[in-house]
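Okay, so here's the structure we're looking at.
A short reminder: the numbers here are calculations on the coordinates, not readings from a lab. These numbers come from a predicted model, not from an experiment. Here the Cβ is made from the backbone with ideal geometry for all residues, glycine too, and neighbour counts use every protein chain on show.
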């Protein structure tokens, strides 16, 4: 996997376009200037969490005694479920109703940006090749930067794309993510068979 393909995968999993309606809903009663500051703050918190999982993910896996094939299979299953939710979105959204107060960490940083699927993907990258950690971090940084820029301009994007445009784009990203998740699942099964044989 190249830096570019890893960055694209992480960007798809972060799903910033799909997160726009949730972000706007959570921050609807917050002043516009304050809203931008909150988006930046929550994005940086998510980046710190993802970086920790990237650099210390292999330690977490060794403590929990989780093998690489099982992580790949689990990651593929999680990504597939997320992709299905992107293709067939629920009317109440991912998290249902949210409180009117200003959010801190939950639900914007975690689990919207640094959600289970993103954390699983980062863990998978960290175990693929430890010698390429810098490359994985660059990929994470690129995906995070594009995602943050999209969320930062969420108000403008919603006006331009409108609800139907955002829904169509999210479904398209979900279709792409479906193929990625199936490939991860097949890779995990193939690695498991090789180790078992």
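Before moving on, here are some points about what is shown:
- Computed from Cα atoms, the angle from the helix 32-64 axis to the main principal axis of the chain rounds to 10 degrees.
- Rounded Å value of the spacing that divides the Cα centres of region 134-171 and region 34-68: 19
- C-alpha long axis of helix 133-152 to longest principal axis of the chain, angle in °: 20
- For the listed peptides 69-77, 125-133, a ranking on the average number of other beta carbons within 10 Å per residue, highest first, reads 69-77, 125-133.
- Dividing the summed helix terms, -39500 (n - 2.57) for each DSSP H run of n ≥ 4, by the number of residues in the chain produces a 222 nm estimate of -27000 deg cm²/dmol to the nearest 500.
- Among 138-145, 183-190, sorting by the average number of other beta carbon atoms lying within 10 angstrom of each residue, highest first, gives 138-145, 183-190.
- Between 0 and 90°, nearest 10: helix 68-87 axis offset from the chain longest Cα axis: 30
- Relative contact order for the chain: 49 percent, from Cα pairs under 8 Å spaced at least 6 residues apart, divided by residue count.
- Under the simplified labelling scheme, the residue 159-residue 63 pair shows an inter-label distance of 4.7 nm, with each label point 7 Å from Cα along Cα→Cβ.
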